[in-house]
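The values are calculated or read from the model by the stated rules, or taken from the named source; none is laboratory data. Just so we're clear, the structure is a prediction, and the values are computed from it rather than from any experiment. Don't worry about glycine lacking a Cβ; one is built from the backbone with ideal geometry, like all the others, and counts go over all protein chains shown.
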Amino acid sequence: MTSIGYVVGSLSRASINRRLAACLADRAPAGLDVREIPIVELPLYNYDLDDCFPAAAVAFKRQVEGVDALLFVTPEYNRSIPGVLKNALDWGSRPWGDNSFAGLPVGIAGTGLNSAGTAVAQSHLRSILGYLGASLLGVPELCLPWHEGVLDAEVTHHQVTRYWEALTTRLRSGRGPDHQGTSEPAALARPLLLQGN
């Protein structure tokens, strides 16, 4: 069975993006095992801990490396991604030479209270994940302006169906050759990735 891990970029139990993630999981095609990869236990990233990784960070990395694809469902905070999500990305890409996102098929979704949904946050997240060598799904985008009832709307059902079709098509093309969980993607050529304090 194909496994899809999803990361919700909010720690709130009442998050509308958590509701969107549940909607996506509920409407996933048959044959997909869709499960959350939680980030709530991750401490703040600290370069000093690279030589002695916290257990929560090790567990997070192993879960990311154990799925066939990853789905980020993110809010937009102050026109960017939430700090907790950036923190998870930092842990997942460290220590040096152990980038868990390299070559992994990745999709991005989100819902927000403004008319653009989470378009700016998704753009920022796309830039970070591209730098980390993830195999990003470009279209269709899933960026929903939030209102009560949006998850039950027929147009949303259609968007979710198209989104899953695109993501599963990407999955059929397989992981990138760099998804080993042990090396940076070749395109990064040892970038200045969180070097120093």
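Scanning region 37-66 for residues that are surrounded by 11 or more Cβ atoms within 10 Å (Cβ to Cβ), farther than 17 Å from Val106 by Cβ and touching a residue at least 60 places away in the same chain (Cβ under 8 Å) returns Tyr45, Tyr47.
Restricting attention to region 112-130, does a residue exist that is out of contact with any Asp or Glu (no Cβ under 7 Å at 6 or more places or on another chain), closer than 16 Å to Ala22 by Cα and of a type outside the set (Phe, Trp, Tyr)? Among the residues of region 112-130, not one is out of contact with any Asp or Glu (no Cβ under 7 Å at 6 or more places or on another chain), closer than 16 Å to Ala22 by Cα and of a type outside the set (Phe, Trp, Tyr), which makes the answer no. Of all residues in region 6-36, count the ones that are over 28 Å from Asn78 (Cβ atoms), touching a strand residue (DSSP E or B) at 6+ places or on another chain (Cβ under 8 Å) and in contact (Cβ under 8 Å) with a residue 60 or more places away in the chain. Count: 2. Scanning region 18-51 for residues that are touching a Phe, Trp or Tyr at 6+ places or on another chain (Cβ under 8 Å), assigned to a helix (DSSP H, G or I) and over 19 Å from Leu85 (Cβ atoms) returns no hits. Residue check: is Leu125 closer than 17 Å to Val73 by Cβ and part of a strand (DSSP E or B)? In short, no. When Leu44 is tested against (1) modelled with pLDDT of 95 or more; (2) under 17 Å from the mean Cα position of the chain (by Cα), only condition (2) is not met. Right, Asn99: among the polar types (S, T, N, Q) and surrounded by fewer than 19 Cβ atoms within 10 Å (Cβ to Cβ) or not? No. Is one or more of the residues making up region 109-120 buried (at least 22 other Cβ atoms within 10 Å of the Cβ), closer than 19 Å to Val34 by Cβ and either in contact with a Pro (Cβ under 9 Å, 6 or more places away or on another chain) or of a type in the set (Asp, Glu) (or both)? Checked against the condition, which is being buried (at least 22 other Cβ atoms within 10 Å of the Cβ), closer than 19 Å to Val34 by Cβ and either in contact with a Pro (Cβ under 9 Å, 6 or more places away or on another chain) or of a type in the set (Asp, Glu) (or both), region 109-120 yields at least one hit.
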